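Q: Input: one structure, supplied below.
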Amino acid sequence: MKKYIASRVGYMLFTFLIIATFTFFLMQTLPGSPFNDERLSSTQKEVLNERYGLNEPLSVQYFKYLGNITKGDFGVSFQFDGRSVSSIIGERIGVSAILGAQSLIAGMIIGLFLGIIAALRHNTFIDYGAMVVAVLGLSIPNFVLAGLLQYWVGVRLGWLPVAFWEGFEYSILPTIALAAFVVATMARFMRTEMLDVLGNEYITTARAKGIKEYTVILKHGLRNAMIPIITILGPLTVSLMTGTLVVEKIFSVPGLGEQFVKSILTNDYPVIMGVTLFYSLLFIIVILIVDLLYGVVDPRIRLSGGGRREGK
Amino acid sequence: MERILSVDDLHISFDTYDGEVRAVRGVTFDLYKGETLAIVGESGSGKSVMSKSIMGLIPKPSGRVVKGTIKYQNRDITKISNKELRELRGSEISIIFQDPMTSLNPTMTINNQIMEGILVHQKITKKEAEKKVVSLLELVGITNAADRVKQYPHQFSGGMQQRVVIAMALACNPAILIADEPTTALDVTVQAQVLELLKDIQKKMDTSIIFITHDLGVVANIADRVAVMYAGKVVEIGKTDEVFYNPQHPYTKGLLAAMPDLTIDQEELKTIPGSPPNLLYPPPGDAFSLRNEHALKIDFLHDPPMFKVTETHSAATWLLHEKASKVTKEIEGKQRVKIATSDQIAKKEIGKEKLLEVKELKQHFKGGKNSVIKAVDGVSFDIYEGETFGLVGESGCGKSTTGRTLVRLYDATSGEVYFKGVDIHKKNVLNLNKDIQMIFQDPYSSLNPRWTVADIIAEGMDIHGLYTSKANRMEKVYELLKTVGLAEEHANRYPHEFSGGQRQRIGIARALAVDPKFIIADEPISALDVSIQAQITNLLKKLQKEKNLTYLFIAHDLSMVKYISDRVGVMYQGKLVEVADSDELYDNPLHPYTKSLLSAIPVPDPEVEKKRIRIPKGEWAIESEDCKLREITDGHWVACTEDELDSYRSKSEDTALLV
């Protein structure tokens, strides 16, 4: 098992290196420069380029950049004079993390619940109702949902604040806007998996032992149905991360996503690269956690020394 | 005897989009204390649904009990509340399913799975329950039970898993044990062990067992009484001897005749024509009349009631009506004449030409990082032109891999395969693909569901360009369909429109399309019902005669192998342990593994089964360097060392003297 984790971490570092390289060179192909304000004279521009090391050859810049990353240094922001990218990320990530975790947890719980109910009441009104909710959640983009929530719940009904981040009630609407997708995905997957698992003979065997129906569902059904569900946790987390970019902007939430969008608009290269790398790193870690979770839920994987499920 | 359960006029239906499927249509029987009642029938006969209804386990909401009662201890199981039902389940009535792999929860330790039922029904502590689990596992013959309880199902072999399932079913010492095809997924030797275990437990605990199966050999082995089900009805019920030796219903007679008899040579198996009726539209009268060549007029109109043959034996056929006694005699007479004429058997002529020579074939697969799975480990045999060479062995012995490696579905690790003197593993000759064809086990997954039957059959011809025009192509397809017993109009249909037996016919037609010389049939009948198995086996035999085909027949069903094969090879752990003429092998097995294998096959004859003594797997020097196939007598080869050779020779001389 240790060997397995070590090799996985090795692959992760390699993936990370490739992503870092890609973002660096992609950034170079972007048109414009951070200092293209017409009011700046050419000497002033030269001084600024000199100061931020932008006049050096590309290869030198690249290796400096890689070297700094290993030290956890993502460089200095062009926009905010002298502030390091790491400190900007550090300051912003807290809000985003709360919003993301809240959406993921709430979305998963509601989604799992809907999915299980739909499976147990297969082909009834409840099943169809849950699936309508799921299809709506998948098909309405979060920026549309965000706008609708702001207008109806925030402005027309006046129940909840429409913007900013000054307490729990401020987080409710952005959380709903983000969680809708999670609820929908979870509900649909859970329904399919649960139906599949409930058709298995060990469920009939469990019933034949005379144990209560909810014990059958929870003890025998849920755990087995969860195994494939774990697979979609990775992509779900990613969609949440990208979701925060837009949703934070719409609700003026001072999170990392909002900063990211701002930095793109001002060509603040170090921040863009820093945040991109940070997101990639998060994603890679999530995938590793998901793979390790398989082993926790499925003893067939745990005991055979790790590895992904066959065919996945 | 004390009556423990009585089922009366039970009707069960399933509501589907197409309409009401009447799976069980009026079943009546009693179960007595301490007896084993076998319920026999083909797939779709309603035997499984009926047995599940005894525990209130019919899938809802689609399934429902339409009418009838299931009485247990003065209570009607079809009417009691869910709570009462839960109290019965596991404690009074238990069930074992066919596939132990799927009836155990893969994510729970076996300790927890067995204990769960105990804790629900008995007021004991967890500690006591844990102790009970260990003693239960010991009872069903699991060694090191105390250590193994913490393991998960996948850490047990198939036979051991089924023992765990049995332990689970016995946890609360139930009065009735329902065993739904409990040995069908197991190898014969494991099957024999599980059957012995069930008998043993029954003796100790005085449990009543309802044993559902389609294997008449197993019935003869284990049952006190037999009920034969057809199209949702019990058509005959009686003591095992009565049903086997004095069958009354034409369906029972047909089933018994369709089993190959190991003791005599038969030219052709008796078959039951057609296939079971669709229970969406159950036919009026006796449902079997459509497949019964001697059906009476009344069979098509009125449902026959149960006629008593003896106090314990009754059958639902109009032939037992007093007015039909004359007809009954006539039919019996006709059958006797038939048997007499079919007695003469012409011994098949087998060429002396070697069609296929296999030399030291090895097929190794990479397992984990450092392990190698030796699926086939040095197999050598010859197949002569026109013969059928049977390859038998238990699952995992490498018989299927051998077949697949021969046609290069896998690239052999080492060894040589000569087909008509050409090493086919060196050259890639397209023509050889034409000469060697395969028939697969599962007729459901081996046909592309999106292709028409015509395209499936003609694909080989397309590849090899074996026709001149489109019309010519269809002509050939029609001809092939006729050859395998299907009709022209089937050509434009899709595989899902056919029954299992018909699909296997399509598979055979596909193999025949390119005019092969040699066909590898990999378990071609094991997925089919008994009456259909006989049809397909007869078809294969007929085709061999007509087209001078050579077969490699791979199977685990030893009785079918004996019936169809001229010579048989027995495989064990990737090696051939014995090769001989099929009669010689069955009459005079030499290798200890063959002996043990043969002694485990249940025979559909209760008298034989009563006398059966199972020979446990002996020991032999399989790992020895010197161990290879040696000829003991003419054409009889056994894997042995130099030392063992002499003892085999002297043994076989002894038996020769006795004969």
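The values are calculated or read from the model by the stated rules, or taken from the named source; none is laboratory data. Note that this is a predicted model, so its numbers are computed, not measured. FYI the Cβ positions are ideal-geometry reconstructions off the backbone, even for glycines, and counts take in every protein chain you see.
Residues checked against (1) facing another protein chain (nearest Cβ under 7 Å); (2) surrounded by 19 or more Cβ atoms within 10 Å (Cβ to Cβ); (3) without any contact (Cβ under 8 Å) to a residue 40 or more places away in the chain; (4) within 19 Å of A:Y202 (Cα to Cα):
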{"site": "B:K71", "(1), (2), (3), (4)": "no, no, no, no"}
{"site": "B:I77", "(1), (2), (3), (4)": "no, yes, yes, no"}
{"site": "B:I80", "(1), (2), (3), (4)": "no, no, yes, no"}
{"site": "B:I96", "(1), (2), (3), (4)": "no, yes, no, yes"}
{"site": "B:N112", "(1), (2), (3), (4)": "no, no, yes, yes"}
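Q: Kindly evaluate A:F278 against the criterion of being under 16 Å from A:M27 (Cβ atoms), of a type in the set (F, W, Y), touching a residue at least 40 places away in the same chain (Cβ under 8 Å) and more than 14 Å from chain B (Cβ to nearest Cβ).
A: In short, yes.
Q: Do we have B:I178 as at pLDDT 90 or above, among the aliphatic types (A, V, I, L, M) and within 30 Å of B:V120 (Cα to Cα) here?
A: So B:I178 passes the test.
Q: A further question follows. Determine whether A:T185 is in contact with a helix residue (DSSP H, G or I) (Cβ under 8 Å, 6 or more places away or on another chain) and more than 30 Å from A:Q150 (Cα to Cα). Don't jump to the end; show me each part of the working.
A: Numbers: in contact with a helix residue (DSSP H, G or I) (Cβ under 8 Å, 6 or more places away or on another chain): yes; more than 30 Å from A:Q150 (Cα to Cα): no.
Against the criterion (in contact with a helix residue (DSSP H, G or I) (Cβ under 8 Å, 6 or more places away or on another chain) and more than 30 Å from A:Q150 (Cα to Cα)), A:T185 does not qualify.
Q: Return yes or no: is B:N112 closer than 15 Å to A:K209 by Cα, assigned to a helix (DSSP H, G or I) and of a type in the set (S, T, N, Q)?
A: Yes; evaluated as a whole, the condition is true for this residue.
Q: Further, regarding this structure: Can you tell me which residue in the range B:143-171 is nearest to the other protein chains (Cβ to nearest Cβ), limited to those that are surrounded by fewer than 19 Cβ atoms within 10 Å (Cβ to Cβ) and outside any helix (DSSP H, G or I)?
A: That would be B:Q151.
Q: Among the numbered conditions (1) facing chain A (nearest Cβ under 8 Å); (2) crowded, with 19+ Cβ neighbours inside 10 Å; (3) out of contact with any Asp or Glu (no Cβ under 9 Å at 6 or more places or on another chain), tell me where B:E87 comes up short.
A: Looking at each condition in turn, B:E87 falls short on (2).
Q: Moving on to the next point. Restricting to the range A:76-91, name every residue that is free of Cβ contacts under 8 Å to residues at least 40 places away in the same chain and of a type in the set (S, T, Y).
A: Across the range A:76-91, the qualifying residues are A:S84, A:S87.
Q: Kindly indicate whether any position in the range A:6-19 is small (G, A, S) and either touching a Ser or Thr at 6+ places or on another chain (Cβ under 8 Å) or over 30 Å from A:V286 (Cβ atoms) (or both).
A: Within the range A:6-19, not a single residue is small (G, A, S) and either touching a Ser or Thr at 6+ places or on another chain (Cβ under 8 Å) or over 30 Å from A:V286 (Cβ atoms) (or both).
Q: Is there a residue being in contact (Cβ under 8 Å) with a residue 60 or more places away in the chain and over 25 Å from A:G221 (Cβ atoms) anywhere in the range B:116-132?
A: no
Q: What helices (runs of 4 or more DSSP H), lying completely within the range A:198-312, carry at least 1 residues that are acidic (D, E) and over 29 Å from A:F78 (Cα atoms)?
A: It comes to A:201-208, A:269-297.
Q: Within the range B:1-19, which residues are in a strand (DSSP E or B) and either surrounded by fewer than 15 Cβ atoms within 10 Å (Cβ to Cβ) or among the hydrophobic types (A, V, I, L, M, F, W, C) (or both)?
A: Answer for the range B:1-19, where residues must be in a strand (DSSP E or B) and either surrounded by fewer than 15 Cβ atoms within 10 Å (Cβ to Cβ) or among the hydrophobic types (A, V, I, L, M, F, W, C) (or both): B:R3, B:I4, B:L5, B:S6, B:V7, B:D9, B:L10, B:I12, B:F14, B:D15, B:T16, B:G19.
Q: Here's something else I'd like to know. Given the structure, is A:F63 among the hydrophobic types (A, V, I, L, M, F, W, C), outside any helix (DSSP H, G or I) and either more than 22 Å from A:T175 (Cβ to Cβ) or at pLDDT 90 or above (or both)?
A: For A:F63, the condition - among the hydrophobic types (A, V, I, L, M, F, W, C), outside any helix (DSSP H, G or I) and either more than 22 Å from A:T175 (Cβ to Cβ) or at pLDDT 90 or above (or both) - is not met.
Q: Continuing with the same structure: Here are some residues: A:I203, A:I217, A:I229. Which one is under 28 Å from A:L281 (Cα atoms), surrounded by 18 or more Cβ atoms within 10 Å (Cβ to Cβ) and within 14 Å of chain B (Cβ to nearest Cβ)?
A: A:I229
Q: I'm trying to understand the selection: among the residues of the range B:368-382, which are surrounded by fewer than 24 Cβ atoms within 10 Å (Cβ to Cβ) and either under 20 Å from B:K628 (Cβ atoms) or β-branched (V, I, T) (or both)? I'd like the intermediate steps shown before the answer.
A: Here is the first cut: in the range B:368-382, the ones surrounded by fewer than 24 Cβ atoms within 10 Å (Cβ to Cβ) are B:368-375, B:377-378, B:380-382.
Listed by number, the residues that qualify are B:V372, B:I373, B:K374, B:A375, B:D377, B:G378, B:S380, B:F381, B:D382.
Q: Touching a Ser or Thr at 6+ places or on another chain (Cβ under 6 Å), part of a helix (DSSP H, G or I) and closer than 24 Å to B:K329 by Cα: is that true of B:D241 in this structure?
A: no
Listed here are the residues, each with its yes/no results for (1) at pLDDT 85 or above; (2) assigned to a helix (DSSP H, G or I).
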site: B:V561; (1), (2): yes, yes
site: B:L590; (1), (2): yes, no
site: B:V603; (1), (2): no, no
site: B:I615; (1), (2): no, no
site: B:G618; (1), (2): no, no
site: B:L629; (1), (2): no, no
site: B:W637; (1), (2): yes, no
site: B:L645; (1), (2): no, yes
site: B:E653; (1), (2): no, yes
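Q: I would also like to ask the following. Within the range B:115-128, can you find the residues that are within 13 Å of chain A (Cβ to nearest Cβ) and assigned to a helix (DSSP H, G or I)?
A: B:M115, B:E116, B:G117, B:I118, B:L119, B:V120, B:H121
Q: Let me ask you something else. Assuming B:V514 fulfils every condition listed in (1) closer than 30 Å to B:V40 by Cβ; (2) in contact (Cβ under 8 Å) with a residue 40 or more places away in the chain; (3) in a loop (DSSP other than H, G, I, E, B); (4) of a type in the set (A, V, I, L, M, F, W, C) apart from one, which condition is it?
A: The single condition B:V514 does not satisfy is (1).
Q: In this structure, does A:V246 turn out to be away from chain B (no Cβ under 14 Å), touching a Ser or Thr at 6+ places or on another chain (Cβ under 9 Å), surrounded by fewer than 20 Cβ atoms within 10 Å (Cβ to Cβ) and among the hydrophobic types (A, V, I, L, M, F, W, C)?
A: Answer is no for this residue.
Q: Among the residues of the range B:21-59, which ones are under 21 Å from B:N74 (Cα atoms) and of a type in the set (D, E, K, R)?
A: Matches in the range B:21-59: B:D30, B:K33, B:E35, B:K52.
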